[in-house]
Amino acid sequence: MLLFYLFFWACKGNVFFFNYKKIFDGNCLIKLQNNLYFCRKLNSLMNKKNLLILIFSFSIIFAFAQNDNNISGVIYLTKADFLQKVANYQTNPERFIYLGDKPCIIDFYADWCAPCRRVAPIFEELSEEYANIIYIYKINIDKEKEIAALFGISSIPAILFIPRNKTPQMAVGQYPKATYQQIINEFLLKD
């Protein structure tokens, strides 16, 4: 709805909404809902300034709509994020010291990997079920090769389970949701 108000403002109120099935004006551009039509005359209503405002408004709205990395609960990590949230191997190269306040799962994946794509919805569901209990991270091995090499990732999906006070464990391959739930409950959440 914000988008329509912005567009209405950009057109200085010269936008017409008709709640009819037929349009009497021949300048209909967009059918919005079942029977709501949005009509305008492009040349007479839009100057360069208003067009720039409209484009800027669309770009902001689409940027918010497409920037949904953390909406699902799964957090996509870069090297900088990994060093800050998981382990800083540059300052502690001899020991793995987990920096998080909750246990976590790291899914090492690649966009081209079919089993990785099949596991992704499972982690989406787990991130909702265990939202305030564990973190679920994803690391793209094609973009973060240094982290993949650090953990010796040669097959994917590779899943790293990091509890708070125990040694991390790695699982390679695709497993059913019940298996991941069992690992979370019996390994990550038990002290």
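Test of understanding: express the Cα radius of gyration of segment 69-170 as a ratio to 2.2 N^0.38 Å, with N the residue count.
So segment 69-170 has a normalised radius of gyration of 1.01.
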Residue separation between S155 and A110 times 0.36 nm, minus their alpha-carbon distance, gives in nm 15.2 nm
Fewest first, what order do K79, K138, K145 take by the number of other Cβ atoms within 10 Å?
K145, K79, K138
Quick one: which residues, 5 or more positions from K138 or on another chain, have an amide H under 5 Å from its amide H? H modelled 1.01 Å from N in the peptide plane, none for Pro or chain starts.
I75, Y76, L77, D107
Excluding residues fewer than 8 places away in the same chain, name every one of the aspartates and glutamates whose C-alpha is closer than 15 Å to that of K166.
D101, E186, D191
Taking θ = phi - 60°, what integer Hz values does the Karplus form 6.51 cos²θ - 1.76 cosθ + 1.60 yield along segment 98-113, in sequence order, with x for Gly and Pro?
6, 9, x, 9, 9, x, 9, 10, 10, 9, 7, 9, 9, 5, 7, 7
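If each residue of separation counts as 0.36 nm, what is the full-extension length gain between A120 and A80 once their alpha-carbon separation is subtracted?
12.1 nm
Every number in this text was worked out from the coordinates using simple rules, so none of it is lab data. As the structure is a prediction and not an experimental result, all values here were calculated from the model. FYI the Cβ positions are ideal-geometry reconstructions off the backbone, even for glycines, and counts take in every protein chain you see.
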